[in-house]
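As structure tokens, the structure follows; a few thoughts come after it.
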């Protein structure tokens, strides 16, 4: 006998508050200082391994503990710097860089590991406001991305690596002084790590993100990424992702107890919070007569054991364009 916790009626993902600048055929310029790789002229993209596996902390504030993901085939170890592990919000910068790189490859342009962009263009894509606090958070995020240490056995571009790497091997903020001596940020310059650069350049496993991604909370972002990389369109074979609760918790990277995760998923399912996907919790209900006498009514009063639960995610048929891509397929950025 089974009971389901269904998602609520699907709702259309909201449009982003600030969209990327339209393609003008020219790159933004900054005098004779240096050319920009921004503004982004296409949609937001992400490398598939970064979607599928938990490389970032699900936190807004500093996360100071190491993160470990280990299965029979995949090992990921993430170590914090003095300012903590890079978070799911810091990942916005990595997604922006990956999107710039994918757009250049599609346009037939040469790419390198060095990227230069403006904070304004980044904020326009992610929907962040242009406040002083946002600029401060940008600086903190770059520091965590450069300081976080990652080790994984996932190969990129046909090559594996031993030892640790950082998402950004370099990260610099360029500024000028205005009247009164105040700093004014002019550009952000970064160097993408070898591992991710090879993955985008050679493997070409790049998937589009839904416009609503940047309006989601940390756990909703990770559920969306796991769904996007694990079930169609553009994901693994088949149109559904079906995992037991403990395995799904590991893949999402949720660090709190399993009971908390179950409660969080129920809230996500009830709110229909994942753009383009429907999430259900399927519980295997055990009848009282199926339990040993020690687990009867008296035992239930002392504390009932939770029913085994599976997580089922399917693309929403009513709005396939919100599943993450207008083309609804994996990009080859050829």
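The values are calculated or read from the model by the stated rules, or taken from the named source; none is laboratory data. Nothing here was measured: the structure is a model prediction, and the numbers come from that model. Note that each Cβ is placed from the backbone with ideal geometry, even for glycine, and that neighbours are counted across all protein chains shown.
Structure above, values below:
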read-out: Condition broken by residue 279, with the remaining ones in (1) modelled with pLDDT under 95; (2) buried (at least 18 other Cβ atoms within 10 Å of the Cβ) satisfied; value: (1)
read-out: Only listed residue being part of a helix (DSSP H, G or I) and in contact with a strand residue (DSSP E or B) (Cβ under 8 Å, 6 or more places away or on another chain), chosen from 151, 133, 137, 144; value: 144
read-out: Positions within region 127-149 being buried (at least 20 other Cβ atoms within 10 Å of the Cβ), farther than 12 Å from residue 188 by Cβ and touching a helix residue (DSSP H, G or I) at 6+ places or on another chain (Cβ under 8 Å), in sequence order; value: 128
read-out: Count of residues meeting criterion [touching a strand residue (DSSP E or B) at 6+ places or on another chain (Cβ under 8 Å), within 17 Å of residue 51 (Cα to Cα), modelled with pLDDT of 95 or more and buried (at least 20 other Cβ atoms within 10 Å of the Cβ)] in region 241-273; value: 3
read-out: Those strands (runs of 3 or more DSSP E) lying entirely in region 157-250 with at least 1 residues closer than 19 Å to residue 122 by Cβ and either free of Cβ contacts under 8 Å to residues at least 24 places away in the same chain or in contact with a helix residue (DSSP H, G or I) (Cβ under 9 Å, 6 or more places away or on another chain) (or both); value: 168-177, 183-192, 206-208
read-out: Subset of region 110-119 [farther than 22 Å from residue 166 by Cβ and buried (at least 16 other Cβ atoms within 10 Å of the Cβ)]; value: 118
read-out: Residue in region 282-302 that is surrounded by 15 or more Cβ atoms within 10 Å (Cβ to Cβ), within 26 Å of residue 249 (Cβ to Cβ) and at pLDDT 65 or above present; value: yes
read-out: Residue that is farthest from residue 250 (Cα to Cα), among those in region 10-60 that are exposed (fewer than 15 other Cβ atoms within 10 Å of the Cβ) and at pLDDT 85 or above; value: 35
